[in-house]
Amino acid sequence: MKSVVTTVIAAADAAGRFPSVSDLEAVQGSIQRAAARLEAAEKLGANLDAVAREAYEAAIKKYPYLNNPGEANSTDTFKAKCLRDIKHYLRLIQYCLIVGGTGPLDEWGIAGQREVYRALGLPTAPYVAALTFARNRGCAPRDMSAQALTEYNALLDYLINSLS
């Protein structure tokens with residue numbers, strides 16, 4: 001799994017060198033932010049179902065045509081799958097918060113997503129809307145500390161940009 005530590009080591013190894021001072025500073029920065037990332041992961045895990053449900057409802061409110069017959073959210077099965085996908089993305093963000101890198105999103109969420117959505121005829125805009133809602137809904141200190149929210153939002157932005 002890709003994390004700051006594994007990325008630094010792999011880059012140094014590929015270049016045939018020991019990790020540089022700047023490499024080690026990147027690792028140290030990641031370690032210093034670990035408590036905030038873990039706080040965000042804990043808060044997200046405790047509220048994952050509610051966050052996913054609110055994000056899903058915000059996306060459907062923004063794109064009500066998806067409920068029309070034949071559209072991506074027109075049956076109970078499709079609705080359950082859409083909510084499941086949002087939960088999956090949020091769970092991957094939680095994993096990223098824990099490992100301190102984008103590896104889980106890169107490997108299990110982003111790789112091939114455009115091809116899958118295109119092949120299934122699913123629009124990505126509702127997912128972007130749902131994730132944007134989740135990002136904009138977060139509030140420090142109500143939901144988590146400011147640093148934890150920053151870590152969480154950075155990963156949401158990373159995912160949103162991959163879907164845009």
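For segment 55-62, putting each phi into the Karplus relation 6.51 cos²θ - 1.76 cosθ + 1.60 with θ = phi - 60° gives couplings of 5, 4, 5, 5, 5, 5, 5, 6 Hz, in residue order, rounded to whole numbers and with x for Gly and Pro. The label point for Asp157 and the one for Ser22, both projected 7 Å from the Cα toward the Cβ, are 2.1 nm apart. Phi angles across segment 5-15 convert, under the Karplus curve 6.51 cos²θ - 1.76 cosθ + 1.60 with θ = phi - 60°, into 3J(HN,Hα) values of 5, 5, 5, 4, 5, 4, 5, 5, 5, 4, 8 Hz, Gly and Pro given as x. With axes computed from alpha carbons, what is the tilt in degrees of helix 146-163 against the longest principal axis of the chain, rounded to the nearest 10 within 0 to 90? Result, in degrees: 60.
Charging the Cβ of each Asp and Glu at -1 and of each Lys and Arg at +1, and nothing else, the dipole of the chain about its Cα centre rounds to 360 debye.
Computed as a quarter of the hull surface, the mean projected area of the alpha carbon convex hull for segment 33-163 stands at 7.3 nm². Residue ranges 53-60, 81-88 sort as 53-60, 81-88 when ordered by packing (mean number of other C-beta atoms within 10 Å per residue, highest first). Between the alpha-carbon centres of segment 46-64 and segment 8-23 there is a gap of 41 Å. Extension gain, Ser145-Ala111: 0.36 nm per intervening residue step, less the Cα-Cα distance, totals 9.2 nm.
Here's the picture: charge each Lys and Arg Cβ at +1 and each Asp and Glu Cβ at -1 in the chain, and of Leu163, Leu92, Ala11 the one pushed furthest to the positive end of that dipole is Leu163.
Mean residue ellipticity, 222 nm, helices only, the chain: the sum of -39500 (n - 2.57) across DSSP H runs of n ≥ 4, divided by residue count and rounded to 500, is -23500 deg cm²/dmol.
Just so you know, all these numbers are worked out from the coordinates, no wet-lab data involved. Everything numeric here is computed off the predicted structure, so don't read it as measured data. Using ideal geometry, Cβ is built from the backbone for each residue, glycine included, and neighbour counts are taken over all protein chains shown.
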